[in-house]
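First the structure, which I've put down as C-alpha cells, then a few questions once you've had a look.
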Amino acid sequence: MVKHDGSQQDPVLLSGRDVTTEIGTSRRPPEAEEELRRSWAGLLRAYEPPDAALAGYVERVGARAAWTAIRDRRAPRSVLLPTAARTEQFIAAELEALIDTDLAAAEAVGARLIGAGDPEWPEAAFVSFLMAASNAVKNAAPPVALYVRGRRLTNLPADALSIVGSRANTAYGQRVAADIAMGAADAGLTVISGAAFGIDTVAHRGAMAYDRESPTIAVLACGIDRAYPVANAALIDRIAQVGSVISEYPPGFSPARHRFLVRNRLIAALSAGTVVVEAGRRSGTLSTAGAADGLGRVLMAVPGPVTSALSVGCHLLLASGKALLVTSAEDVLATLGERERVEAFNRHVGLEPLMLPTEPPRPTERHPTDGLEPGIAKVYDALPARAARTVTQLSVESAIPSGDVIAALTVLELHDLVRRQNGAWRRKRQSDQ
C-alpha cells in the first residue's frame, strides 16, 4: 500500500478496517481473519483495561502490529509498561500458546472474539470514548476487543438502554426497574445491565419477558466462560440464548472489585441512556452514572423514599443536575426523545401499583481496601478468598509489576489485611491472631 509520501506501508501495520479496504472485499481472507483474531486475544491477555496508551496505540497501528510489537517487546515504552507484568516473563511461543488456550476456552462456551474492523464491532458506541478523552475524562479508553456469547451486537448505542442499581434492592426498586425494563423492551430497546444480583437481575428478566430479538445484553466483570455471581449462572446462560453476554477479559479471569468499576463504563457506552434505580451514597452503581455523564449519554435517575438509604445516590444525582428524573418507562422513552416509541407504548405491562419497601434496606458494607491507593486495592483483589498466591502470580493477575506488588503487599500487611504463608501471600482470616 502506498502512503501519501510515496513510501510503502508494511501490511502488518494495517488495522482490521484497512485490511478489509485493501483487499477490496467485504471479508478478509481466512488467514488474515485468524491472525487478527489471535491479535485481539493477545492484547486482551496482555493488559488490564482500561489503558489509554495501549488503546491509542492499537488505534494508530492496528491490532496485529500492536500485538506483534508487544509480544516481541519493541512497542513504545508507554505501551510496554502496562503490559510488562503479563508478557515479559514469557517468550513469544509461550504467549501464543496462551492465546490458543484462551480461544479454545471461549469456543467451548460458544463465544467469539470481535474487535475494530469486525462488522459486528459497535464502533458507534465507542466513539464517545475519544471525545471523552479529549475532555480529560478519567479512564476514557475503549476496549480493544470483546468476547461475545449469543446474538450479534447491532444498533448500539441507538437502540439500547442501560438499567443499573443496587444489589440490595427493595420491593419498590424492583417494581420500578421491572416496569422500565419491560416497557423499554416492549418499545424495541435492548436492555443492558451487569447480571449482578438486585436491580441488574430484575432488568434482565423484565426485558426477557418479551419474545423479541436480542431483548437484553449482560456485560461481565470476569472471563466470558465464568458466571458471576454463580447463583445467576442460569440467568446468564439464558441471556446468551436470547440476547448477548460480553466481556473484555480473557477466559478464566476472576471477578474483582476494580473490574466491576471498569465494566461499568461499557454498560454506559453501549446504550443511548442509563437509568439508575436505587443506589446508596457509596454504591458502585454511581460509577456507571459517572461514565454515562462523562461519555455524553443521557443520564436518568428514579427518586425513592427519603427514608431509604438505597435512594440517596439517586437523589444526589438529581440534586446535582446531572440526572433527569424519571418514574416510568414512558418517562424514559420521552427523555430519550423516542416520540414514536412513546406513541406506540399503549399497552400495560401488568404490574401492580408501586409499593414502599416492606423492610428496611441493608446497610452498605465497607470494603477492606477503602481509602487505599487503587493499585494496592488491585493487588488485594487479586488474592483469592481461600488460597495463597506468589508475588509473580499476583503480578500477572493484577497486571502490576512485581516490584510494585511487593510494595503493595507491604502496605496491606501494615493494614493487617494479608498474611505470609510458605513464601506466598493470602488474605487475613478471622482465625488469624
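Bear in mind these aren't lab numbers, they're just calculated from the coordinates by the rules spelled out. Here the structure is a predicted model, which is why all the values come from computation and not from measurement. Here the Cβ positions follow ideal geometry from the backbone for every residue, glycine too, while neighbour counts run over all protein chains shown.
PRE reach from Met131 (point 7 Å along Cα→Cβ): which of the range 155-189 fall under 19 Å by backbone N?
155-162
Okay, moving on. Quick one: 3J(HN,Hα) in Hz for the range 37-50, Karplus 6.51/-1.76/1.60 with θ = phi - 60°, rounded, Gly and Pro as x.
Calculated HN-Hα couplings, in order: 5, 5, 5, 4, 5, x, 5, 5, 6, 7, 9, 9, x, x Hz.
Quick check on the range 95-157: take the gyration tensor over C-alpha atoms, sort the square-rooted eigenvalues as a ≥ b ≥ c, and tell me if it's rounded (a/c under 1.5), prolate or oblate.
Taking the square roots of the gyration eigenvalues as a ≥ b ≥ c, the range 95-157 is oblate.
Would you kindly state how much longer the chain becomes between Ala108 and Val230 on full extension, computed as 0.36 nm times their sequence separation minus their alpha carbon distance, in nm to one decimal?
This chain segment gains 42.1 nm when fully extended.
Quick one: of the DSSP bridges fully inside the range 145-344, what percent are antiparallel, nearest 5?
The answer is about 15 percent antiparallel.
Return a whole-number percent for the relative contact order of the chain, with Cα pairs under 8 Å and 6 or more residues apart as the contact set.
Over the chain, the number comes to 14 percent.
Additional query: Can you give the extra length, in nm with one decimal, that the chain gains between Thr410 and Arg257 once fully stretched, where that is 0.36 nm per residue apart less the Cα-Cα distance?
Going from the current span to full extension adds 53.1 nm.
Quickly rank 46-57, 226-237 as a protection proxy: mean count of other C-beta atoms within 10 Å, highest first.
Answer by packing, highest mean first, reads 46-57, 226-237.
Tell me, in nm to one decimal, what length is gained between Glu94 and Glu213 on full extension, where the rule is 0.36 nm per residue of separation less the Cα-Cα distance?
38.8 nm
So how many Å³ per residue does the convex hull of the Cα atoms of the range 145-344 work out to?
Convex hull volume per residue, Cα atoms: 103 Å³.
Ignoring everything except DSSP H segments at least 4 long, calculate the 222 nm mean residue ellipticity for the chain; use -39,500 (n - 2.57) per segment, divide by total residues, nearest 500.
Using -39500 (n - 2.57) per qualifying helix, the result is -13500 deg cm²/dmol.
Going by average Cβ neighbours within 10 Å, how do the peptides 369-382, 123-136 rank, with the highest at the top?
Ranking, from highest mean packing down: 369-382, 123-136.
Show me, for the range 392-401, the HN-Hα J-couplings you get by feeding each phi into the Karplus relation (A = 6.51, B = -1.76, C = 1.60, θ = phi - 60°), rounded to Hz, glycine and proline as x.
3J(HN,Hα) across the range 392-401, in whole Hz: 4, 4, 5, 5, 5, 5, 8, 6, 10, x.
Moving on. Order these peptides, 418-424, 403-409, 74-80, by their mean beta-carbon neighbour count within 10 angstrom, highest first.
In decreasing order of mean packing, 418-424, 403-409, 74-80 become 403-409, 74-80, 418-424.
Run through all the Cα pairs of the chain and give the fraction in each 20 Å bin from 0, expressed as whole percent.
Histogram of Cα-Cα distances, whole percents per bin: 25, 55, 19, 1.
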